[in-house]
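J.: Mind looking over this structure? Questions follow.
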Amino acid sequence: MRKKIVVGNWKMNKTFAEGLQLVEELLASQHDAAITKIIAPPFIHLSAITERVKSENGFEVAAQNCHQASKGAFTGEVSAEMIVSTGVKNVIIGHSERRIYLGEDSTMLAQKVNLALANNLTPIFCLGESLEDRNTNLHLEKVKQQLKEGLFHLSSTDFSKLIIAYEPVWAIGTGFTATTHQAQGMHNFIRAEINKKYGKQISESTAILYGGSCNAENAKDLFSCIDVDGGLVGGASLKANDFITIVNSFS
Ligand code: PGA
């Protein structure tokens with residue numbers, strides 16, 4: 001059976017004290033211990049939050065990014081090796097906000113994925129189409145290209161270690177969520193592409209999360225889709241009650 005996973009992407013939110021407070025609330029909550037819960041705070045809080053979480057009741061921590069070079073003169077950047085040295089196990093790669101605002105392209109993202117895997121970090125690889133792609137019926141083609149350029153160079157062994165997050169850009173932070181039909185359709189398409197490239201066993205065991213205005217009200221419907229294995233949650237991960245309601249939304 002595939003893992004069920006909910007990731008809370010805090011983005012650039014929460015001071016240190018606020019972040020620790022949120023973590024305490026999450027750890028004290030009534031949550032389904034069988035669900036993998038991954039918290040992705042800003043870099044500066046990673047070490048302390050990882051120390052506090054220590055995989056308690058299925059909680060893990062993720063970084064929101066890593067650099068594409070292993071080390072060197074890249075002021076302000078953080079490497080995969082540094083992340084793993086703080087005890088963090090996962091890293092989000094290819095979030096659309098970084099693709100759009102910071103110009104991260106497929107070549108760069110493939111390098112980040114390689115370095116994350118080489119350092120035993122689990123990449124949570126984000127992909128998804130723009131509104132224009134969807135309106136012009138290019139959404140499947142776009143996602144296929146992102147899969148191919150970002151991930152399909154990997155060996156089967158490496159590919160089987162990662163998590164994929166489908167995040168339609170038009171749904172992120174907008175309040176417009178994909179319908180269950182749209183989410184299931186794309187997740188099924190992604191799984192079929194993985195099947196073509198890596199075979200049934202790997203495609204059936206790859207966790208594919210949905211992201212984009214996933215919240216306490218719509219998570220149950222989204223998670224009921226057969227190919228949706230959980231969520232990558234932004235805004236709704238900033239309040240413990242909302243995040244835990246989402247975690248407890250698997251039937
Ligand atoms: P959102 O963000 O839940 O606020 O739409 C999701 C994401 O960007 O990962």
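The values are calculated or read from the model by the stated rules, or taken from the named source; none is laboratory data. Since we're looking at a predicted model, the values are computed, not measured. When we count neighbours, we look across all protein chains shown, and the Cβ atoms used for this are built from the backbone with ideal geometry, even at glycine. Quick note on the areas: whole protein, heavy atoms, side chains included, nothing else; ligands and nucleic acids left out. Shrake-Rupley method; radii C 1.70, N 1.55, O 1.52, S 1.80 Å.
J.: Give all pairs with beta carbons closer than 7 Å in which a residue from the range 9-26 that is farther than 15 Å from ALA40 by Cβ meets a residue that is within 16 Å of the ligand (Cβ to nearest atom) and of a type outside the set (Asp, Glu); count only pairs at least 6 apart in sequence or on separate chains.
T.: Close Cβ pairs satisfying both conditions: GLU25/ALA240.
J.: Considering only residues that are open to solvent by 10 Å² or more (accessible area, probe 1.4 Å), more than 11 Å from the ligand (Cβ to nearest atom) and of a type outside the set (D, E, K, R), which ones fall in the range 208-220? So that I can check it myself, show each step before the final result.
T.: First pass over the range 208-220, keeping only residues open to solvent by 10 Å² or more (accessible area, probe 1.4 Å): 213, 215-218, 220.
This time we only want the ones that are more than 11 Å from the ligand (Cβ to nearest atom), so: 216-217, 220.
Once the filter is applied, which keeps residues that are open to solvent by 10 Å² or more (accessible area, probe 1.4 Å), more than 11 Å from the ligand (Cβ to nearest atom) and of a type outside the set (D, E, K, R), the range 208-220 yields only ALA216.
J.: Within the set of pairs 6 or more residues apart or between chains, which connect a residue that is polar (S, T, N, Q) inside the range 221-244 to a residue that is in a helix (DSSP H, G or I) with Cβ atoms less than 7 Å apart?
T.: SER237/PHE243
J.: Specify the residue that is nearest to the chain's Cα centre (by Cα); the eligible residues are those in the range 135-160 that are under 17 Å from SER96 (Cβ atoms) and not in a helix (DSSP H, G or I).
T.: LEU151
J.: With the requirement that a residue be more than 10 Å from the ligand (Cβ to nearest atom), buried (at least 17 other Cβ atoms within 10 Å of the Cβ) and at negative phi, what does the range 226-236 give you?
T.: Within the range 226-236, ASP227, VAL228, ASP229 qualify.
J.: May I ask you to verify whether ILE190 is assigned to a helix (DSSP H, G or I), at pLDDT 95 or above and within 16 Å of the ligand (Cβ to nearest atom)?
T.: no
J.: Let me ask something else. Take residues that are open to solvent by less than 40 Å² (accessible area, probe 1.4 Å) and tell me which of the helices (runs of 4 or more DSSP H) falling wholly in the range 19-104 contain 2 or more.
T.: Fully inside the range 19-104 and qualifying: 46-53, 80-85.
J.: Let me ask something else about it. Just one of (1) within 16 Å of the ligand (Cβ to nearest atom); (2) in a helix (DSSP H, G or I); (3) under 20 Å from ARG2 (Cα atoms) trips up ILE164, so point out which.
T.: Just one mismatch for ILE164, condition (2).
J.: For the range 180-201, name all the residues that are surrounded by 13 or more Cβ atoms within 10 Å (Cβ to Cβ) and farther than 24 Å from HIS153 by Cα.
T.: Within the range 180-201, THR180, GLN182, ALA183, GLN184, GLY185 meet the criteria.
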